[in-house]
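The values are calculated or read from the model by the stated rules, or taken from the named source; none is laboratory data. Values in this document were obtained by computation on a predicted structure and should not be read as measured data. Cβ placement follows ideal geometry from the backbone for every residue including glycine, while neighbour counts extend to all protein chains displayed. Just the protein is used for accessible areas: all its heavy atoms, side chains included, with ligands, DNA and RNA removed. Shrake-Rupley method; radii C 1.70, N 1.55, O 1.52, S 1.80 Å.
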Amino acid sequence: MIYDIENETLPRDQLEALQLRRLQDLCRRLYANVPFYTKKFDETGVKPENISSLSDLSRLPFTEKKHLREHYPYGFLAVPRDNVVRLHASSGTTGRVTVVGHTRRDIDNWADLMARCLAAGGAGRQDMVQVAYGYGLFTGGLGAHYGAERIGATVVPTSSGSTKRQINFMRDLGTTVLCCTPSYALHIYETALEEGLDFRDKSIMSLRTGVFGAEPWSEEMRHTIESKMAIDAINIYGLSEIMGPGVSIECVEAKKGLHIFEDHFLAEIIDPDSGRNLPLGDEGELVLTTLTREAMPLIRYRTRDITRLDPTPCRCGRTHFRMGRVMGRSDDMLIIRGVNVYPSQIESILLETDGLTPHYQIVVDRVDNLDQMEIQVEPAENFLAGGEVKRLQSITRQLAQRIKVFLGISAQIRLVDPQTLTRFEGKAKRVIDQRKDKI
């Protein structure tokens with residue numbers, strides 16, 4: 001089903017004409033209202049009136065997450081703060097969050113885009129949509145919630161966690177659509193089996209569709225979920241700096257690439273090292289420009305996600321380009337249970353903790369279909385002498401608590417003997433990610 005058939009099936013020439021008008025308006029608004037962009041435009045020698053075609057986009061400056069952090073909290077607002085009706089936030093590499101504002105129209109557009117997504121996955125008014133993404137500053141929960149309400153479905157806002165309770169609701173309320181991370185969906189499946197419930201028995205479990213995102217997952221993992229739960233597993237993409245979930249999604253008809261809603265987001269693929277634009281079909285870093293956002297529009301935002309764009313027509317009838325499954329990132333960010341984590345964040349916390357050295361390693365694994373993170377760190381040698389065991393135990397608890405508070409996820413802390421972690425002459429390999437072998 002196509003939710004907004006007029007805009008989702010625009011002929012290419014009409015779509016590009018709309019994109020150009022919106023890009024020109026965006027440049028005027030940003031040049032007039034956001035000092036960062038005023039300065040950047042002046043430095044590049046490009047004025048809003050110089051934008052006469054979509055090809056001129058490559059002349060405009062990139063925006064990076066570090067810029068958002070440097071102008072925390074409101075430096076990127078393009079409207080008066082009184083016009084902002086909601087704030088969301090995401091983590092940054094130094095521990096400082098990036099704050100993202102939304103006007104009322106932004107929220108309405110977001111709801112429409114998420115309605116498009118759920119419709120693309122086959123959902124409609126008749127469905128019971130259980131939202132098991134986290135609610136709050138994380139955009140996943142509220143984004144899916146508003147979209148489900150917009151299509152007229154019944155929403156079950158369970159948020160994340162309390163897995164057995166989630167399963168009971170799914171069985172008792174007749175949940176037909178589940179929104180969560182793919183790894184959590186598998187954890188729900190395993191827990192249900194322990195409770196004697198089989199998702200393949202549709203006389204007990206009515207689940208038909210899963211809309212999964214917020215972490216990388218493979219085609220093999222899709223097949224596993226679909227076979228175990230007897231559902232359609234649909235891949236959705238978004239990021240909080242741009243809006244949240246709803247930037248792109250697969251259609252249930254094809255499941256071959258995620259339709260980018262190009263009337264709202266202008267997509268490019270660049271070489272992550274040189275920054276030059278790459279031809280359609282080449283793999284590179286996804287760069288997005290927000291065409292309709294009011295509170296915090298961004299030009300050429302570097303997502304750091306590695307993918308490709310596919311311009312070939314889709315049998316579902318949508319005319320927008322499709323992006324491939326995200327293959328990885330051009331930086332060192334980890335995504336653990338839908339939360340962005342940088343090694344540098346962990347390093348900062350370690351270095352602020354007495355008794356620990358800067359020698360550490362992060363081991364990420366998947367246990368019972370859920371991401372687990374272990375931090376191996378060497379204590380200072382003087383703390384191992386003189387009966388400091390209780391002190392070390394206290395440091396371990398303190399460190400685990402600080403990581404939980406600052407990053408929003410739990411981690412296992414393992415203190416290892418001094419001089420046991422590998423030293424590197426060049427760039428240190430801080431992360432061992434064992435999940436790729438289990439999806």
So which residues in the range 241-262 are farther than 29 Å from GLY136 by Cβ and either open to solvent by less than 30 Å² (accessible area, probe 1.4 Å) or free of Cβ contacts under 8 Å to residues at least 40 places away in the same chain (or both)? CYS251, ALA254, LYS255, GLY257, GLU262
Only unsatisfied item for ALA153, checking (1) modelled with pLDDT of 95 or more; (2) more than 16 Å from GLY122 (Cα to Cα), is (2)
Might you check whether a residue that is in a strand (DSSP E or B), buried (at least 22 other Cβ atoms within 10 Å of the Cβ) and touching a helix residue (DSSP H, G or I) at 6+ places or on another chain (Cβ under 7 Å) occurs anywhere in the range 268-285? no
Selection over the range 38-68 where residues are under 16 Å from VAL100 (Cβ atoms), open to solvent by less than 40 Å² (accessible area, probe 1.4 Å) and in a helix (DSSP H, G or I) yields a count of 3
When (1) outside any strand (DSSP E or B); (2) modelled with pLDDT of 90 or more are applied to ILE346, the one that fails is (2)
Tell me, yes or no, whether the range 235-248 has at least one residue that is over 20 Å from the mean Cα position of the chain (by Cα) and either among the hydrophobic types (A, V, I, L, M, F, W, C) or assigned to a loop (DSSP other than H, G, I, E, B) (or both). no
Run down LEU415, LEU384, LEU351 and say which single residue is open to solvent by 50 Å² or more (accessible area, probe 1.4 Å) and at pLDDT 90 or above. LEU415
In the range 93-131, what residues are open to solvent by less than 40 Å² (accessible area, probe 1.4 Å), at pLDDT 95 or above and in a loop (DSSP other than H, G, I, E, B)? THR103, GLY121, GLY122, ALA123, GLY124, ASP127
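Specify the residue that is nearest to GLU70 (Cα to Cα); the eligible residues are those in the range 28-37 that are aliphatic (A, V, I, L, M) and surrounded by 14 or more Cβ atoms within 10 Å (Cβ to Cβ). Talk me through it step by step, then tell me what you get.
First pass over the range 28-37, keeping only residues aliphatic (A, V, I, L, M): 30, 32, 34.
From what is left, the residues that are surrounded by 14 or more Cβ atoms within 10 Å (Cβ to Cβ) are 30, 34.
Values: LEU30: 17, VAL34: 14 Å.
Ranking the qualifying residues of the range 28-37, first place goes to VAL34.
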Residue satisfying all of: in the range 418-439; farther than 30 Å from MET221 by Cα and at pLDDT 85 or above; least open to solvent (accessible area, probe 1.4 Å) among these: LEU421
Would you mention how many residues in the range 196-220 are surrounded by fewer than 23 Cβ atoms within 10 Å (Cβ to Cβ) and touching a residue at least 40 places away in the same chain (Cβ under 8 Å)? 8
